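Everything on this sheet refers to the single structure shown next.
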Amino acid sequence: MFKSVSKKLYFLSACLLFTICLNAQTKNVLSGKIIDSTSGKPIDYATITLATVAGKVLNGTTTDSTGNFKVSDIDTGLYNVSFEFIGYKKKVLKNIDINSSEKNVGTISLQKFETTLKDVTVTSQTKLIDNRIDKLVFNAENDLTSQGGVATDILKKIPQVSVDADGNVELAGSGGVRFLINGKPSSAFGSNVADVLQSIPASQIKSIEVITNPGAKYDAQGLGGIINIILKQTKVNGVSSNISLSAGTRIENGSFNITARHANFGVNAFVSGNTRLTAATPFASDRTSIDTVAKEIALLHQDGSTNTNRHGLESGIGFDWTIKKYNNFSGNVNYNRFGNKNDGIINQQQKIVSFDSTTNSDVASLNNSANSFTFYSTDASLNYKRTFKKEDQSLEINLNSSFGNISIASDNYQNLLPQDSLFYGINNNNFGKENEKELEIDYTQPFSKNVIFDAGADITFDDITSTSHVYALQPDDKIYLYDSSLSNYLSYHQKVYAAYAEISFPVAHLFDAKIGSRYERTEINSFYSDATEQIKNPGYNTLVPSIYFLRKLNDEQSIKLSYSKRIERPDYRDLNPFINTTDPQNITAGNPYLKPEIGNRIELSYNYDFNNSSSLNITAFYRENHDDIQPYTAYYSELTIGDSVYKNVSVSTRENIGLEKNAGISLFGNVELTDKFTLRTNLFFFRRHIINGIDSGRNPTSFNYRINLNASYKFTNTFSAEFFGNFNSARNELQGKYPSFTTYTIAARKQFWNKKGSLALTATNLFNEYVNQPTIIYGTNFTTNSIRKIPFRSIGLNFTWKFGKLDFKKDKDENNNNNNIPVPSEN
């Protein structure tokens, strides 16, 4: 495997070096950094303009998130350079003599205007997609069609991210995604990711960071990469508030944010809620199974409808406090609560036919079921950051914790038809906890302006418990008794000790490099009540290297080559041994014996930012997953679970299925056709090959693709409209074909009250009430064809109001306190 990955890495490296040689520049470069003269913090998206002494504008650029900038392709000579940003005084350096390969003008301090601005909204145009050396940032605040929606509505629009009809997320074709909130982990994402994402209002989200090849500093967990959801807050002095309310035919949500800051101390608080209204989901299923021993064929037909609703609540309060410029303390406490409820009636017809076409049995029954899932957690963090007089030098200590509680309940009873006699019933209650605690220390040491060394260590404790109580109906007595054969208990404790080091440096004037490695030691202690023998889980070591090469061909174009190794450790959903027999013909269960999944990923990308805010990004990748974790279904003509015997039953769980190979390409384009009309599209194609380690000889290969298009038009300065359409192709997995998915949204927004208020009208799948989801699943001796009709049409209205008083006047105490000493930025 490593030999195969190495060959591909060498090939991509050769392509990179070849491109570098073709684009080697002999002209000069102007570089530097722009900071706020008061706080010393870097200013991102500040504008740098290069002009001749005579005043002719030649070139320019903007600063990155650290305030740094570079202007390339400069001829030797004298120039005037201007630096400006909204709310700051313009600064001009005249007669700059550029006569060396790289001219560094050092740190430029911009002063804020000496004016107090009250009840105003300061806006600047931010790119929708920001492509950085190690991540892609989607600025959700600039997106219109997501107004009134939820987090999954935003994720559909991000390159390499796909979302299916049930809200399940894949990143670059992998479902092993590690989700973070404001850079912090939460146990909420270990229970039911789809529910969590569909309970976060889009109006609450500032931006989403996508990291397909995370560096050594990041936890190695998350095979597909990391998605970090950044919630809204501000660092400006004064009080700022935002309220957003949405009402619709399917989704209703609301959020409220408030931030208050004076000088070096700030607090913020938020609360948001979401309800997905009850809707019916019709479905039908036909399974054909063969019993080669009894020489029989079982035909199972099921059809019915399930009523489903979801709800969610998030709230939190946080603070940050800077003491004597170099010491920053911050912390937050969040409370989350998510859940869903389902109830339905299923008509069942099961016919047993012998190989000679004789009907051995034909039974009709009615299945009544009800299920509920509830999760609530408290997340808390406390962080300290120490900066120094030396630019970019810092020490960070972070303590993060998350305490989650899960409750799953299901009730089912079945009646024979036509006499309507009760013959089966089951009542399940499953209670679980997932607690995560993390302590991390990070240190950054700049050896020179362009050579920066990072190192750190962290320890993470994950504690999972699950207790299920099952009560079975005694048909003769019509009472429920405790069933010890189906009830079980799991205790799972995992410790991960990690240390990392990485260094960023330029290689001559050819490209920038960032190389690092992370070592993780994982130890597991578990107990499973149904195991015949408790087997001690051996600890294991994981070495996780990461490599980035970035070549700026000029101010508009760059290419990037990266490699990383990742690990996917099973979470609560995977490990939970709770056996759900709500439908005794189709049983589901977790797998406490899963092994971690290991992946290697190589990525080569090209980025072109045009002068008119248009951009193009092309990314090619190759990934291998070992001990790949996937859903797996097995059929049993007769299955004994404890004291119970089930006949003609399928069992769906999670398994390490073998080796999976993926290779693909992503193309993202943003074209500003006029100053009013913008088109955006993402095309994502990949080929998947699975080497099956369970069912020998079944090694499926499939081609998958995703296409979306976003068109926006600005009729006036306060009125605009957008269209967004998305198509995900059908995908072939280990055991069958999963359905394609099409969705489209039309939205219009009117701003008023000096752009502090807005109304947005959105309509999704306006001409189709349902999204049809046909699925084919096959395995040894069985085939299942099913179709679900998921209600998807929705119309919604969103109201947003921003209010408060923001003060852009310099603080007197700060003005008189060592103004000449720059302070490195806070993260």
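Sort out which residues of region 200-213 are within 22 Å of Ile515 (Cβ to Cβ) and either surrounded by 23 or more Cβ atoms within 10 Å (Cβ to Cβ) or hydrophobic (A, V, I, L, M, F, W, C) (or both), and write them in order of number.
Across region 200-213, the qualifying residues are Val210, Ile211, Thr212, Asn213.
Only one of these conditions is not met by Glu533: (1) open to solvent by 50 Å² or more (accessible area, probe 1.4 Å); (2) modelled with pLDDT of 90 or more; (3) charged (D, E, K, R); (4) within 30 Å of Ala409 (Cα to Cα). Which number is it?
(2)
What's the number of the condition Phe549 fails, among (1) at pLDDT below 90; (2) over 30 Å from Gln630 (Cβ atoms); (3) of a type outside the set (A, V, I, L, M)?
(1)
In this structure, does Glu624 turn out to be part of a strand (DSSP E or B), open to solvent by less than 20 Å² (accessible area, probe 1.4 Å) and in contact with a helix residue (DSSP H, G or I) (Cβ under 9 Å, 6 or more places away or on another chain)?
Here the answer is yes, as Glu624 does meet what is asked.
Of everything in region 373-392, what is closer than 27 Å to Asn182 by Cβ and open to solvent by 30 Å² or more (accessible area, probe 1.4 Å)? Give them in sequence order.
Of everything in region 373-392, those that are closer than 27 Å to Asn182 by Cβ and open to solvent by 30 Å² or more (accessible area, probe 1.4 Å) turn out to be Thr374, Tyr376, Thr378, Ala380, Leu382, Tyr384, Arg386, Phe388, Glu391, Asp392.
Quick one: what pairs do we get from region 555-584, first residue in a strand (DSSP E or B), second charged (D, E, K, R), C-beta under 6 Å, 6+ apart or different chains?
Ser558/Lys552; Ile559/Arg551; Ser562/Glu603; Ser564/Arg601; Glu568/Glu597
Starting from region 463-492, keep only residues that are without any contact (Cβ under 8 Å) to a residue 60 or more places away in the chain and over 11 Å from Asn428 (Cβ atoms), then list their pairs with residues that are open to solvent by less than 20 Å² (accessible area, probe 1.4 Å) and charged (D, E, K, R) whose Cβ atoms are within a distance under 9 Å, requiring at least 6 positions of separation or different chains.
What qualifies is Asp463/Glu434; Thr465/Glu434.
Filtering region 459-473 down to residues that are buried (at least 20 other Cβ atoms within 10 Å of the Cβ) and within 28 Å of the chain's Cα centre (by Cα), which residue is farthest from Pro185 (Cα to Cα)?
Ser466
Taking the condition of being more than 23 Å from the chain's Cα centre (by Cα) and on the phi < 0 side of the Ramachandran plot, how many residues in region 596-614 meet it?
Of the residues in that region, 6 qualify.
For region 319-327, check the following and say yes or no: at least one residue is open to solvent by 20 Å² or more (accessible area, probe 1.4 Å), of a type in the set (A, V, I, L, M) and over 23 Å from the mean Cα position of the chain (by Cα).
Yes, that holds for at least one residue.
Quick check, is Asn435 under 27 Å from the mean Cα position of the chain (by Cα) and in contact (Cβ under 8 Å) with a residue 12 or more places away in the chain?
yes
Looking only at region 697-740, count how many residues are closer than 19 Å to Leu766 by Cβ, open to solvent by 30 Å² or more (accessible area, probe 1.4 Å) and without any contact (Cβ under 8 Å) to a residue 60 or more places away in the chain.
The qualifying residues number 3.
Which ones in region 80-94 are part of a strand (DSSP E or B) and either at pLDDT 85 or above or touching a Ser or Thr at 6+ places or on another chain (Cβ under 6 Å) (or both)?
Asn80, Val81, Ser82, Phe83, Glu84, Lys91, Val92, Leu93, Lys94 - these are the residues of region 80-94 that are part of a strand (DSSP E or B) and either at pLDDT 85 or above or touching a Ser or Thr at 6+ places or on another chain (Cβ under 6 Å) (or both).
Looking at region 409-424, I want the residues that are more than 15 Å from Asp362 (Cα to Cα) and have a partner that is at pLDDT below 85 and hydroxyl-bearing (Ser, Thr, Tyr) with Cβ atoms under 6 Å, at least 6 apart or on another chain. Which pairs are those?
Ser410/Thr582; Asn412/Thr582
Can you tell me which of Leu245, Leu223 is within 26 Å of Phe373 (Cβ to Cβ) and of a type in the set (A, V, I, L, M, F, W, C)?
One residue alone meets the criteria, Leu223.
Would region 563-575 turn up any residue that is under 26 Å from Ala472 (Cβ atoms), surrounded by 21 or more Cβ atoms within 10 Å (Cβ to Cβ) and under 23 Å from the mean Cα position of the chain (by Cα)?
yes
All but one of (1) open to solvent by less than 30 Å² (accessible area, probe 1.4 Å); (2) in contact (Cβ under 8 Å) with a residue 40 or more places away in the chain; (3) within 26 Å of Gly432 (Cα to Cα); (4) in a loop (DSSP other than H, G, I, E, B) hold for Asp166; which doesn't?
Looking at each condition in turn, Asp166 falls short on (1).
Tell me yes or no: at least one residue of region 534-541 is in contact (Cβ under 8 Å) with a residue 24 or more places away in the chain and charged (D, E, K, R).
no
When the residues of region 355-364 are filtered to those that are over 23 Å from Arg788 (Cβ atoms) and free of Cβ contacts under 8 Å to residues at least 60 places away in the same chain, which remaining residue is least open to solvent (accessible area, probe 1.4 Å)?
Within region 355-364, the match that is least open to solvent (accessible area, probe 1.4 Å) is Ser361.
Report whether or not Ser72 is open to solvent by less than 10 Å² (accessible area, probe 1.4 Å), part of a strand (DSSP E or B), closer than 30 Å to Lys135 by Cα and of a type in the set (Ser, Thr, Tyr).
no
Pick from Arg261, Arg276, Arg287: which is buried (at least 20 other Cβ atoms within 10 Å of the Cβ) and in contact with a Leu (Cβ under 6 Å, 6 or more places away or on another chain)?
Arg287
Take Ser402 and decide whether it is in contact with a Pro (Cβ under 8 Å, 6 or more places away or on another chain) and either open to solvent by less than 20 Å² (accessible area, probe 1.4 Å) or of a type in the set (A, V, I, L, M, F, W, C) (or both).
Criteria met by Ser402.
How many of the residues in region 629-677 are under 25 Å from Ser605 (Cβ atoms), without any contact (Cβ under 8 Å) to a residue 60 or more places away in the chain and part of a strand (DSSP E or B)?
Final tally of qualifying residues: 7.
Let's see how each residue does on (1) in contact with a Ser or Thr (Cβ under 8 Å, 6 or more places away or on another chain); (2) modelled with pLDDT of 90 or more; (3) in a strand (DSSP E or B):
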residue: Asn367; (1), (2), (3): no, yes, yes
residue: Asn371; (1), (2), (3): yes, yes, yes
residue: Thr374; (1), (2), (3): yes, yes, yes
residue: Arg386; (1), (2), (3): yes, yes, yes
residue: Asn412; (1), (2), (3): yes, no, yes
residue: Phe431; (1), (2), (3): yes, yes, yes
residue: Lys449; (1), (2), (3): no, no, no
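The values are calculated or read from the model by the stated rules, or taken from the named source; none is laboratory data. Predicted, not measured: the structure shown is a model, and the values here were computed from it. Glycine also receives a Cβ, built like all others from the backbone with ideal geometry; neighbour counts cover every protein chain displayed. Side chains are part of the model used for accessible areas, which takes the heavy atoms of the whole protein and leaves out ligands, DNA and RNA. Shrake-Rupley method; radii C 1.70, N 1.55, O 1.52, S 1.80 Å.
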